[in-house]
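Beneath this line is the structure, given in structure tokens, with notes to follow.
The values are calculated or read from the model by the stated rules, or taken from the named source; none is laboratory data. From a predicted model like this one, the values you see are computed outputs, not experimental measurements. Backbone-built Cβ (ideal geometry, glycine too); neighbour counts: all protein chains shown. Only protein heavy atoms, including side chains, enter the accessible area calculation; ligands, DNA and RNA are left aside. Shrake-Rupley method; radii C 1.70, N 1.55, O 1.52, S 1.80 Å.
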Amino acid sequence: ADYLLEMNPAETDTLVNLMLGGYFAGGRIWTLHSRFRYFDPERRRSGMPEDVGALVEKLGADSATLNLVNVNPVEPRTVIVQAGGYGEHTFESVTTDGQTTAIGGPHLKVRLEPGCGTRLVFRMARYKNQPTLAYPWDQTR
């Protein structure tokens, strides 16, 4: 059924570039190569939580800068940011508001207060982990 995607007028490649810092490789079978993937821990599903937006600002050989925003004016939101489309990268550290925190793993849980956002600058070790399709809450790393 994937061949029908060529005929679909909806264009998702730009969203993959801007939100995930990635691209799809391949012809008719796509493999996601990206710096980020997102999970909604409250709904226990992949993807962004409702009212949360992401923009990849900058990519480097061992770094990536990500902006996250909660546009809901009343409710806080939590998002899990994964290093790579399949958890194949590792976040070494993150810097936000001038404060650097060590991570040492493929996931970071971020709580965004109502109407707030943050700029996250990650130091990364790319292709360090075995790729997986498991959800963050199902992994034992």
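Here are the numbers for this structure:
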read-out	value
Whole-percent carbon and sulfur share, accessible surface of the chain, 1.4 Å	53 percent
Given 13 as the ceiling on other Cβ atoms within 10 Å, longest exposed-site-free region of the chain for GluC sites (Glu not before Pro) in DSSP loops	51-141
Rg ratio (alpha-carbon, reference 2.2 N^0.38 Å) - the chain	1.06
Under the Karplus curve 6.51 cos²θ - 1.76 cosθ + 1.60, θ = phi - 60°, whole-Hz ³J(HN,Hα) for region 43-52, x wherever Gly or Pro sits	8, 6, 8, 7, x, 6, x, 4, 6, 10
Pairwise FRET efficiency - LYS109 versus VAL74, Cβ, R0 = 22 Å, nearest 0.05	0.60
Solvent exposure ordering (accessible area, 1.4 Å, most first) of MET19, MET124, MET48	MET19, MET48, MET124
